[in-house]
Amino acid sequence: MAQIIKHCHVIIDTPVETVTHQEESLETWTEKDKALYWDQAYHEGYEAGVLKAQQSITQELDDLKEQLMTLVVAIPDAIEKARLGLSSEITAVVTLIIQRYFIEQAQDSKALEKQINRLLHEVNQQQNITLYLHPRDIHLLQTGALQLNKTQNPITIKTDEVMALGGFIIKTAHGVFDASVERQLSQLKDYLLKLYPVENSQ
């Protein structure tokens with residue numbers, strides 16, 4: 001407005017035509033001033049908008065960075081949980097496979113024969129030996145389908161109806177050798193759990 005006042009002149013006793021000319025000149029300067037004002041306001045608004053957008057983007061990036069850090073921190077726990085779940089599945093699957101193998105072996109009298117004779121060879125045969133077998137396996141022994149190697153002392157053979165087919169227990173004065181299917185599975189599971197530890201495992 002100072003610029004407008006500077007270019008205004010007080011006119012006294014001026015003809016009508018001159019006054020009209022001065023009014024037109026005043027109107028022209030006012031329009032120029034408006035144009036300058038709006039141009040300046042536009043640039044100021046544009047710069048303010050750019051600054052606000054930059055601040056908004058910076059805030060969003062900070063938020064995303066914080067979320068990313070939270071995810072990164074959570075990754076080890078997620079991996080550990082997945083590993084524990086996988087370990088449990090591995091143990092269950094391997095145990096199931098071996099269990100089926102034991103069942104198949106239990107139906108093979110020659111496999112049982114080899115296991116018993118190998119263990120009888122390892123124990124001290126000068127001591128008394130008691131062999132516990134499933135009733136069906138004793139029947140195989142009686143019919144000759146299952147043959148044991150000769151030992152220095154006679155072997156006492158007893159029936160264990162609770163024992164699964166293909167399993168056996170040898171008792172001596174120095175200890176018990178449990179080769180039952182249940183015992184083998186239990187030992188296998190313990191071994192697998194040592195390889196793949198699982199939380200809250202029994």
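The values are calculated or read from the model by the stated rules, or taken from the named source; none is laboratory data. Quick caveat: nothing in here was measured; it's all calculated off a predicted structure. All Cβ positions, even for glycine, are placed from backbone atoms using ideal geometry, and neighbour counts span all protein chains on display.
How many of the residues in segment 111-164 are touching a residue at least 12 places away in the same chain (Cβ under 8 Å) and part of a helix (DSSP H, G or I)? So that I can check it myself, show each step before the final result.
Keep residues of segment 111-164 that are touching a residue at least 12 places away in the same chain (Cβ under 8 Å), which gives 111-113, 115-117, 119-121, 123-138, 140-141, 145-149, 151-153, 155-161, 163-164.
If we keep only those that are part of a helix (DSSP H, G or I) as well, we get 111-113, 115-117, 119-121, 135-138, 140-141.
So the count comes out to 15.
Considering segment 123-154 alone, what residues qualify as being at pLDDT below 85 and surrounded by 13 or more Cβ atoms within 10 Å (Cβ to Cβ)?
Passing the criteria: Val123, Gln125, Thr151.
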